[in-house]
Amino acid sequence: MANAPDTTQFSALSTQAIKSGSAKPNSQRKKSRGNGTRNLLLILLPSFIVLGIFYFYPMLTILVGAFTDPQVGLQNFQWFFGEQVNVDVLWRTLIISFWVTVICVLFAFPFSFFLTIVTPRTRGLLFLIVLVPFWTSMVVRTFAWVILLQDSGPIGEFMKLFGVQSLGLIRTPTAVLIGMAQVLLPFVVLPIYATMSKIDTRLLTAARSLGARPSKAFVSIYLPLSLPGVASGALLCFVMALGFYITPAMLGGSREAFLSTLIQGQVQGLAQWGHGAVIGFVLLFVTLVILGITGYVGKKTGGSVQDMVGGSKA
Amino acid sequence: MNSEVRPGTKVVLGIITAFIAVWLIAPMFIVFPLSFTDDASFQFPPRAWSTRWYESFFTNPQWTDALRNSAIIGTLVAIIAATLGTITALAINRSKSRLSGTVQAIMLTPLIIPPIIAGAGIYTFFLKTDLVGTIFGFVLVHVTLALPLVVIAVNASLSGYDRSLELAAASLGAGRLTTFVTVTVPLILPGILAGVVFAFVTSFDEVIVAQFMVSPALQTLPMMMYTSVTRTTDPTIAAAAALVLGAVLLAFGLYQFVVVPLTRRSRGRTSV
């Protein structure tokens, strides 16, 4: 008896469904899709409100501020590109990010390839090692590099045995490279491994059976097939490197400042809000250009930025 | 693949991989021995041992307040971000709307765009609205940074999700809420838990945006550590770093030996 209302409801619903389904299938589909969008936006309203007020609105003020602070005009852009120091920082950010990406790809490629040829057990262990950095505090890890690379650190003390008085690594671009590459390597390993694990190795067997030497088969078949993963890993690495802040600030000297460091200094240190805003604008512009390229590469190879990020964090 | 790789090549690759693996994880463990130094510097190896820097950490209200603030903020962020993120991931996953792809892209933005840009904007926004140094402001800003990670984690657990189980529940008379609580949530629980941990860790380690929100009255642990390293050589930070790393390793162990086995059981297949 308790089921009665449910049954009536159900039959009423199904009649309605049949009626509307047979009547105007086209308009109904359109309507349900519209409803889908409305429901989606309604459900997401709390998330959107938080994101809108505490993320997108402040970011928007930066983009607008670049053109309007202290007065409307392009004076902030003139300042940015007119001062050699700023252009130097922009170049340095791009160049160090580039070299970090090169190091990460060179390390991630053999690492990922090795992951595909070992037993599942070893692979699980290596994955644990790749994922540990995702969990560990970046401040702690960078602090560890400060200890290791300082002149009175273990490497410095060891080098003194060979007569090297001062290691001179801390506060150099090399120190920044070492620290950044360590943080970013997992982001490159995951997309490359994801691509490599899908490569059909029977293609290599086929090539060899047709007389190709293993190295030849590797270069002309395996390498091209793994390139989409390499490309997406490299672009993701580059984009993330551009926005780095903690590592250059802790391991680099004042001459290793990144765009991010410059923004903080202008906004908080010098209260030059417009100057900070214009640097933020330039940083965002460069990031979006790289992301655009990433999206294009992703489309070409059937992946997307979200998949890449999803694959790397999950 | 095994048959294609010569043993010699495999050994060389193994050595390279081992080198990279050591470079990835070994350096951070140096904070443990350093935290027990007796020197008032980062000199390594230490000349003598002591626990004085742990004492210094736990008797200095600046450090303990920062630890407490970070714990409170991180917990609130984890709860709010996990709730919003789970709803978001489910909604995107189930919506037939053409906009769902765009919505997902918007939700993931904070993960890719350099956080300093929003941070600088938040600085003036918070000055105008008197939110500087408030837990409220801190939590909501950190929620925006943590949301993408929860969405990704829950999304991942939805990929192997069988919706016919919900239909089965509904056909047996369960209402929508009952179905959600007794069928949907338990199935995606591993993803939600991973999201909770990701969200907490994100907040607990955040410096870039935090430096625009802290006040003398409200400091967080990573901010204290960051300013300490850049301004002094006080080894109290080594004790703080050792405590954080110890907690993180504990959390990682819990995830690896509790959450991952749960995922495997609920999905009925093994994955890394």
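Considering each of B:Phe204, B:Phe212, B:Phe198 in turn, give the residue that is within 14 Å of another protein chain (Cβ to nearest Cβ), modelled with pLDDT of 90 or more and open to solvent by less than 30 Å² (accessible area, probe 1.4 Å).
Testing whether each residue is within 14 Å of another protein chain (Cβ to nearest Cβ), modelled with pLDDT of 90 or more and open to solvent by less than 30 Å² (accessible area, probe 1.4 Å) leaves just B:Phe212.
Scan the stretch A:125-145 for residues that are farther than 13 Å from A:Val183 by Cα and surrounded by 20 or more Cβ atoms within 10 Å (Cβ to Cβ) and report the count.
Final tally of qualifying residues: 1.
With facing chain A (nearest Cβ under 7 Å) and in a helix (DSSP H, G or I) as the only criterion, which of B:Ala146, B:Ala89, B:Ala120 stands out?
Sole residue among the options that is facing chain A (nearest Cβ under 7 Å) and in a helix (DSSP H, G or I): B:Ala120.
Would you point out the residue of the stretch B:215-259, among those that are among the hydrophobic types (A, V, I, L, M, F, W, C) and more than 10 Å from chain A (Cβ to nearest Cβ), that is nearest to A:Gly153 (Cα to Cα)?
B:Ala239
If you go through the stretch B:92-117, how many residues are more than 9 Å from chain A (Cβ to nearest Cβ) and either closer than 18 Å to B:Phe200 by Cα or of a type in the set (Ser, Thr, Tyr) (or both)?
Of the residues in the stretch B:92-117, 1 are more than 9 Å from chain A (Cβ to nearest Cβ) and either closer than 18 Å to B:Phe200 by Cα or of a type in the set (Ser, Thr, Tyr) (or both).
Read through the list (1) at pLDDT 90 or above; (2) of a type outside the set (Lys, Arg); (3) closer than 30 Å to A:Gln272 by Cα; (4) not in a loop (DSSP other than H, G, I, E, B), then give the number of the only condition that B:Thr109 fails.
(1)
Look at A:Ala271 and say whether it is outside any helix (DSSP H, G or I), closer than 29 Å to A:Val118 by Cβ, modelled with pLDDT under 90 and within 12 Å of chain B (Cβ to nearest Cβ).
No: the conditions fail for A:Ala271.
Looking only at helices (runs of 4 or more DSSP H) that lie completely in the stretch B:1-71, which have at least 1 residues being more than 12 Å from chain A (Cβ to nearest Cβ) and open to solvent by 20 Å² or more (accessible area, probe 1.4 Å)?
B:52-59
Taking only pairs six or more apart or across chains, which ones have beta-carbon atoms under 9 Å, a first residue in the stretch A:101-124 that is without any contact (Cβ under 8 Å) to a residue 60 or more places away in the chain and more than 12 Å from A:Ala181 (Cβ to Cβ), and a second residue that is open to solvent by 40 Å² or more (accessible area, probe 1.4 Å) and outside any helix (DSSP H, G or I)?
Taking only residues 6 or more apart or on different chains, the pairs are A:Ile117/B:Met1; A:Pro120/B:Thr270; A:Pro120/B:Val272; A:Arg123/B:Val272; A:Gly124/B:Val272.
For every residue, the table says whether it meets (1) surrounded by fewer than 17 Cβ atoms within 10 Å (Cβ to Cβ); (2) under 21 Å from the mean Cα position of the chain (by Cα); (3) more than 26 Å from A:Val140 (Cα to Cα).
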site	(1), (2), (3)
A:Pro154	yes, no, no
A:Ile170	no, no, no
A:Gly179	no, yes, no
A:Val183	no, yes, no
A:Val189	no, yes, no
A:Thr195	no, yes, yes
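Report yes if B:Leu131 is more than 7 Å from chain A (Cβ to nearest Cβ), within 28 Å of A:Phe54 (Cα to Cα) and assigned to a loop (DSSP other than H, G, I, E, B), otherwise no.
Yes: the conditions hold for B:Leu131.
The values are calculated or read from the model by the stated rules, or taken from the named source; none is laboratory data. For clarity, every value in this text was computed on a predicted model and none was experimentally measured. Don't worry about glycine lacking a Cβ; one is built from the backbone with ideal geometry, like all the others, and counts go over all protein chains shown. Protein only, heavy atoms only, side chains kept; ligands, DNA and RNA dropped before computing areas. Shrake-Rupley method; radii C 1.70, N 1.55, O 1.52, S 1.80 Å.
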